[in-house]
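The values are calculated or read from the model by the stated rules, or taken from the named source; none is laboratory data. It should be emphasised that the depicted structure is a prediction, and the values quoted were computed from it without experimental measurement. With ideal geometry, Cβ positions are generated from the backbone for all residues, glycine too; neighbour counts draw on all protein chains shown. Heads up: the accessible areas ignore ligands, DNA and RNA and are worked out on the full protein's heavy atoms, side chains in. Shrake-Rupley method; radii C 1.70, N 1.55, O 1.52, S 1.80 Å.
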Amino acid sequence: MPQLLLAGQRAAVQWAAGVVAATFLLLGICGLVPGLTTDYALLKMAGPRSGAELFGLFDVSVLHNVVHLLFGAAGLTLGNTSRGARRFLAVGAVVALALGLYGFFVPQGSSANVLPLDTAGSWLHVGLAVIMVILALCWRVPEKSTPPGELSRQQDAVPACR
């Protein structure tokens, strides 16, 4: 049964995109914090095998952290609308999957591994892709928006998959 929402309230898909975006922002910040990033003195601008690892597990570089920050900011911006939030999750899933696969197939020591991506990071990206595609597909996006202040029945407020 659809929920009644006041126009201007955030739909569930917007909340989901906001949580994903905030997570990427947090990861981007954490990757630049000594202590959360082990061997911080080895943090490189870009390239393979930075030496610094987020939480002692995931290889990171300054470029990798900046990508997370930009992706998080894009998610918060696109999450202002239901359609934008859903697109952010769907396109983000494709990008995360591509990065995960790239990390599996490009040797860790290769100069082509610019982010740097290791096995743990590749699996994390694949997992994020799965989560993001599920979130993108679980909520319908309404056809029309309602003027502010009016009640509307929005299908995207209720998960389509159960």
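Here's how it looks for Thr37: its modeled amide H is under 5 Å from those of Phe55, which are all 5 or more places away or on a different chain.
Annotation: amide H of Gly31 has no partner in the under-5 Å range at sequence separation 5 or more or interchain, hydrogens built in the peptide plane.
By the compact-protein rule of thumb, 2.2 N^0.38 Å, the alpha-carbon radius of gyration of the stretch 1-103 corresponds to a ratio of 1.27. The candidates Val130, Val94, Val60, arranged from most to least accessible area with a 1.4 Å probe in the full protein assembly, appear as Val94, Val130, Val60. Would you mind counting up the charge near Pro116? Only other residues with Cβ under 15 Å from its Cβ, with Lys and Arg at +1 and Asp and Glu at -1. Neighbourhood net charge equals -2.
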